[in-house]
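**Q** One structure is given below, represented as structure tokens, and several questions about it will come after.
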Amino acid sequence: MMNDMLIPVVGVVTDIRRDTPDVKTFRVVGLDGKKCFEHMPGQCAMLSIPGVSEAMFSITSSPTNTEYMEFSIKKCGCLTDWLHSIDVGQQVTVRGPYGNGFPVEEDLKGKNLIFIAGGIGLAPLRSVINYVRANRSNYGKVTIVYGSRSMDDLVDFEEIKNEWANEKDFNVHLTIDRPQEGWDGHVGFVPAYVKELNLNAADTVLLCGPPIMIKFTLAALIELGFNKTQVFTTMELRMKCGIGKCGRCNIGDKYVCKDGPVFRCDQLDEMPAEY
Amino acid sequence: MFKIKKNSLNKLYAAIAEAQTLYIPCNVNGKPNFAVWGEGADVDLASLKTVKSAKEVFFPQCEDIVSFKTKGKEITVIDCRKESEDFVVFGVRACDAKSFEILDKVFLSDPVDTFYKTKREHGTVITLACSRPEESCFCSAFGIDCAEPSGDVATYFSGEYLYWSPKTEKGLNLTNSLKNLLEIANDKDNLALENEQKNIREITKKLPLYGLDLSKWGADDLLEKFNSEKWQELSSACLGCGACTFVCPTCQCYDVRDFDKGNGVQRYRCWDSCMYNDFTMMAHGTPRPTQMQRFRQRFMHKLVYFPSNNGGEFSCVGCGRCVEKCPINMNIVKVIKAFGGEGK
Ligand SMILES: Cc1cc2nc3c(=O)[nH]c(=O)nc-3n(C[C@H](O)[C@H](O)[C@H](O)COP(=O)(O)OP(=O)(O)OC[C@H]3O[C@@H](n4cnc5c(N)ncnc54)[C@H](O)[C@@H]3O)c2cc1C
Ligand code: SF4
Ligand code: SF4
Ligand code: FES
């Protein structure tokens with residue numbers, strides 16, 4: 001019988017990194033030692049531990065990484081608690097890829113890019129950022145604005161400090177919500193920080209984070225003269241099938257699992273405000 | 001066209017059931033529902049509406065998807081799918097038959113749902129024209145003629161006979177296998193049947209919901225409809241019981257769950273309802289916290305979102321089950337009318 005998208009394959013967790021007190025990054029490969037499947041930046045996969053449950057996560061590694069896939073996962077419920085308790089060598093099930101991903105080969109090509117993330121919202125953007133690094137000549141200047149509650153809550157901190165900050169034509173701006181000992185960087189919320197930075201309103205923005213952060217950051221960008229057509233963001237709704245059939249993730253006539261999770265902000269205006 | 005005496009129908013059921021599983025409306029625990037036919041079954045072709053619709057034969061209320069064995073850190077995925085065996089579903093009304101076309105648009109569109117597909121391929125649908133449409137019926141609003149249902153074989157009661165008209169290759173094959181039970185209908189029969197159908201269509205026109213106007217609905221004005229203040233009042237008494245979604249032949253939402261069998265894990269899917277408050281619950285809350293929003297979702301999906309994605313086609317067939325079953329007497333007809341779609 002032909003393949004069915006609901007039937008997963010087995011993957012092995014080959015590395016676990018603690019990013020923050022409640023985020024761990026898991027490296028996953030197939031039983032044959034290769035990636036379970038190919039994906040584009042911004043696409044997602046369903047991970048599960050049989051008997052626990054199954055949930056959707058962004059593939060945070062870049063497709064240009066040929067060896068493995070990575071998932072940065074925040075501990076917040078049944079499955080994610082379980083995943084935070086496993087050791088290297090644990091097998092999980094994987095299916096995907098799902099969703100449209102960011103238009104890296106279309107709208108984003110040749111543009112100066114501004115990445116704005118809050119908290120775990122960096123996960124989908126990291127895939128794009130590393131894709132851009134691997135295809136550097138196809139993209140212009142890169143600005144990264146990333147904020148979280150505290151210094152300890154910055155996901156991928158080592159990679160940001162040691163790799164992104166040293167990349168040519170990359171500008172990295174980090175911020176944390178409250179002052180903290182050992183932190184000499186910026187303090188304050190992302191939307192306010194965005195207004196302080198000298199962003200070029202001609203650039204293209206990729207914006208990911210908690211709904212409230214997206215809302216205020218988008219307002220700040222509009223104030224700075226950005227048009228909604230220049231801003232791409234991701235939506236997060238409860239998902240079960242990932243293929244537009246179980247009826248769980250829709251906003252109006254769109255299924256976030258299949259028509260999203262990436263939307264251009266002007267598209268959101270045409271959708272019911274129910275997210 | 002063929003025919004068979006009503007009092008010989010048991011022989012027909014037995015002949016079909018000898019070769020393949022036969023699903024047919026039966027009284028089970030006092031309620032008509034599709035059930036597997038066996039000797040002594042209490043077949044009920046008189047009741048117009050089974051409680052649950054015929055979709056259950058293609059999209060079961062509960063269905064295994066995949067099994068797992070786990071040992072220490074290891075997981076084995078066991079594809080527990082089976083190619084469906086051939087089966088026949090008999091006594092499907094025109095509205096339910098139409099609902100299969102709507103479910104096809106969901107489950108057979110890319111990526112194909114193989115669980116559904118294999119059943120669709122192996123199932124032969126024998127429809128039954130309605131002799132006596134009821135007060136709650138409004139299939140005609142969706143262009144359905146309950147006197148002339150679709151299907152692989154369409155059947156019609158008239159006088160002493162059940163008339164039998166194969167419509168597809170699958171239907172012809174089944175008909176050929178039953179040749180020794182079926183008589184060929186003559187001109188007189190055809191005329192009688194035509195008259196019967198004319199009668200049924202006249203009854204249809206007298207139904208209270210006949211002429212329900214859907215012209216105000218469809219893909220247009222999505223946001224205007226969504227933002228209407230009417231939803232508040234329409235939904236104010238809704239209990240969120242989900243009855244309307246479970247009896248509905250076109251509702252397709254499902255949940256996926258794992259069951260630990262002790263010696264392995266069974267992942268299965270089961271019907272779910274957008275009327276439930278945990279349907280869209282996530283770690284940071286739910287986008288539809290009120291019953292008004294969940295109520296609106298159900299009807300907007302059927303009357304606006306589905307048409308928007310499917311060339312204007314509605315995701316309702318006017319079977320009237322939700323009209324009969326809602327404990328607070330709210331239903332899609334009232335919603336349609338509230339936005340200016342008038343009845344007769
Ligand atoms: C497209 C997409 C991409 C995503 N990417 C990522 C990512 O990269 N990283 C990441 O960490 N997360 C990501 N998520 C979120 C992730 O899917 C959820 O965090 C995950 O589903 C949680 O699963 P769980 O089993 O741990 O939580 P669950 O046990 O399902 O519970 C999560 C929370 O929801 C609430 N809840 C759930 N069910 C109910 C109920 N029935 N009644 C009341 N409350 C309930 C609980 O309060 C609980 O705290 C993404 C989600 C989507 C849709
Ligand atoms: S919405 Fe009501 S009338 Fe329409 S198909 Fe579903 S149960 Fe039947
Ligand atoms: S509309 Fe009626 S049947 Fe449907 S959930 Fe509300 S109360 Fe229940
Ligand atoms: S997750 Fe099932 S429809 Fe989107």
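The values are calculated or read from the model by the stated rules, or taken from the named source; none is laboratory data. No experiment lies behind these values; they were computed from the predicted model shown. So basically every Cβ, Gly included, is an ideal-geometry build from the backbone, and we count neighbours across all protein chains shown. We work out accessible area using only protein heavy atoms, side chains counted, and drop any ligands, DNA or RNA first. Shrake-Rupley method; radii C 1.70, N 1.55, O 1.52, S 1.80 Å.
**Q** In the range B:299-313, what count of residues is obtained for those that are open to solvent by 10 Å² or more (accessible area, probe 1.4 Å) and within 19 Å of B:Met330 (Cα to Cα)?
**A** The number of residues fulfilling the criteria is 1.
**Q** Scan the range A:56-94 for residues that are of a type in the set (A, V, I, L, M, F, W, C), closer than 24 Å to A:Asn130 by Cα and part of a strand (DSSP E or B) and jot them down.
**A** Listed by number, the residues that qualify are A:Met56, A:Phe57, A:Met69, A:Phe71, A:Ile73, A:Val94.
**Q** Just to be sure I understand, how many residues within the range A:209-226 are of a type in the set (A, V, I, L, M), within 14 Å of another protein chain (Cβ to nearest Cβ) and crowded, with 16+ Cβ neighbours inside 10 Å?
**A** Residues that pass the stated criteria total 2.
**Q** What's the number of the only condition in (1) away from chain B (no Cβ under 11 Å); (2) assigned to a loop (DSSP other than H, G, I, E, B); (3) in contact with a Phe, Trp or Tyr (Cβ under 9 Å, 6 or more places away or on another chain) that A:Phe263 fails to meet?
**A** The number of the failed condition is (2).
**Q** Pick out the one residue from A:Lys254, A:Lys245 that is open to solvent by less than 10 Å² (accessible area, probe 1.4 Å), closer than 20 Å to A:Cys44 by Cα, at the interface with another protein chain (Cβ under 9 Å from one of its Cβ atoms) and more than 16 Å from ligand 3 (Cβ to nearest atom).
**A** Criteria check complete, one pass: A:Lys245.
**Q** Against the definition (touching a residue at least 12 places away in the same chain (Cβ under 8 Å), part of a helix (DSSP H, G or I) and buried (at least 19 other Cβ atoms within 10 Å of the Cβ)), how does B:Gly171 come out, yes or no?
**A** yes
**Q** Right, next: In the range B:84-114, what residues are open to solvent by 30 Å² or more (accessible area, probe 1.4 Å) and either under 17 Å from the mean Cα position of the chain (by Cα) or under 18 Å from B:Arg321 (Cβ atoms) (or both)?
**A** B:Lys98, B:Glu101, B:Asp104, B:Lys105, B:Leu108
**Q** Of all residues in the range A:59-74 being in contact with a helix residue (DSSP H, G or I) (Cβ under 9 Å, 6 or more places away or on another chain) and open to solvent by 30 Å² or more (accessible area, probe 1.4 Å), which is farthest from ligand 1 (Cβ to nearest atom)?
**A** In this case the residue turns out to be A:Thr64.
**Q** Let me ask something else. What are the residues in the range A:120-168 that are open to solvent by 20 Å² or more (accessible area, probe 1.4 Å) and closer than 23 Å to A:Gly99 by Cβ, if any?
**A** A:Ile120, A:Asn130, A:Tyr131, A:Arg133, A:Ala134, A:Asn135, A:Asn138
**Q** So, one more: Among (1) open to solvent by 20 Å² or more (accessible area, probe 1.4 Å); (2) within 14 Å of ligand 1 (Cβ to nearest atom), there is one condition A:Asn198 misses while meeting the rest; what is its number?
**A** So A:Asn198 meets the others, but not (2).
**Q** Select, from A:Thr229, A:Thr234, the only residue that is in contact with a Cys (Cβ under 6 Å, 6 or more places away or on another chain), more than 16 Å from ligand 3 (Cβ to nearest atom), away from chain B (no Cβ under 12 Å) and open to solvent by 20 Å² or more (accessible area, probe 1.4 Å).
**A** A:Thr234
**Q** Looking only at the range A:105-112, decide whether some residue is of a type in the set (Gly, Ala, Ser), away from ligand 4 (no atom under 16 Å from the Cβ), open to solvent by less than 10 Å² (accessible area, probe 1.4 Å) and farther than 22 Å from A:Asp153 by Cβ.
**A** no
**Q** Going through B:Glu134, B:Glu121, B:Glu160 one at a time, which residue ends up being open to solvent by 50 Å² or more (accessible area, probe 1.4 Å), acidic (Asp, Glu) and at pLDDT 95 or above?
**A** One residue alone meets the criteria, B:Glu121.
**Q** Mind listing whichever residues of the range B:330-344 are within 13 Å of ligand 2 (Cβ to nearest atom) and surrounded by fewer than 22 Cβ atoms within 10 Å (Cβ to Cβ)?
**A** B:Met330, B:Asn331, B:Val333, B:Lys334
**Q** Sticking with this one: Restricting to the range B:19-73, name every residue that is within 14 Å of chain A (Cβ to nearest Cβ), open to solvent by less than 30 Å² (accessible area, probe 1.4 Å) and of a type in the set (Val, Ile, Thr).
**A** Hits for the range B:19-73 are B:Ile65, B:Val66.
**Q** Is it fair to say A:Phe157 is in contact (Cβ under 8 Å) with a residue 40 or more places away in the chain and closer than 19 Å to A:Arg27 by Cβ?
**A** Yes: the conditions hold for A:Phe157.
**Q** Determine which single condition A:Val187 fails, assuming it passes every other condition in (1) in contact (Cβ under 8 Å) with a residue 40 or more places away in the chain; (2) under 15 Å from A:Gly147 (Cβ atoms).
**A** (1)
**Q** Further question on the same structure: Quick one: which of A:Gly77, A:Gly89 is open to solvent by 10 Å² or more (accessible area, probe 1.4 Å), within 13 Å of chain B (Cβ to nearest Cβ) and within 28 Å of A:Ile243 (Cβ to Cβ)?
**A** A:Gly77
**Q** Against the conditions (1) out of contact with any helix residue (DSSP H, G or I) (no Cβ under 8 Å at 6 or more places or on another chain); (2) part of a helix (DSSP H, G or I); (3) within 30 Å of B:Val335 (Cα to Cα), where does B:Lys98 fall short? Just the number, please.
**A** It is condition (1) that B:Lys98 fails.
**Q** Kindly evaluate B:Gln291 against the criterion of being crowded, with 20+ Cβ neighbours inside 10 Å and not β-branched (Val, Ile, Thr).
**A** no
**Q** Consider the range A:1-22. How many of its residues are within 13 Å of chain B (Cβ to nearest Cβ) and in contact with a helix residue (DSSP H, G or I) (Cβ under 7 Å, 6 or more places away or on another chain)?
**A** Qualifying residue count, the range A:1-22: 3.
**Q** If I ask for residues that are away from ligand 4 (no atom under 16 Å from the Cβ), in a loop (DSSP other than H, G, I, E, B) and crowded, with 20+ Cβ neighbours inside 10 Å, which ones from the range B:314-329 would you list?
**A** Within the range B:314-329, B:Phe314, B:Cys316, B:Val317, B:Gly318, B:Cys319, B:Gly320 qualify.
**Q** Additional query: In this structure, does B:His284 turn out to be at pLDDT below 95 and under 27 Å from A:Glu236 (Cβ atoms)?
**A** Judged against the criteria, B:His284 is a match.
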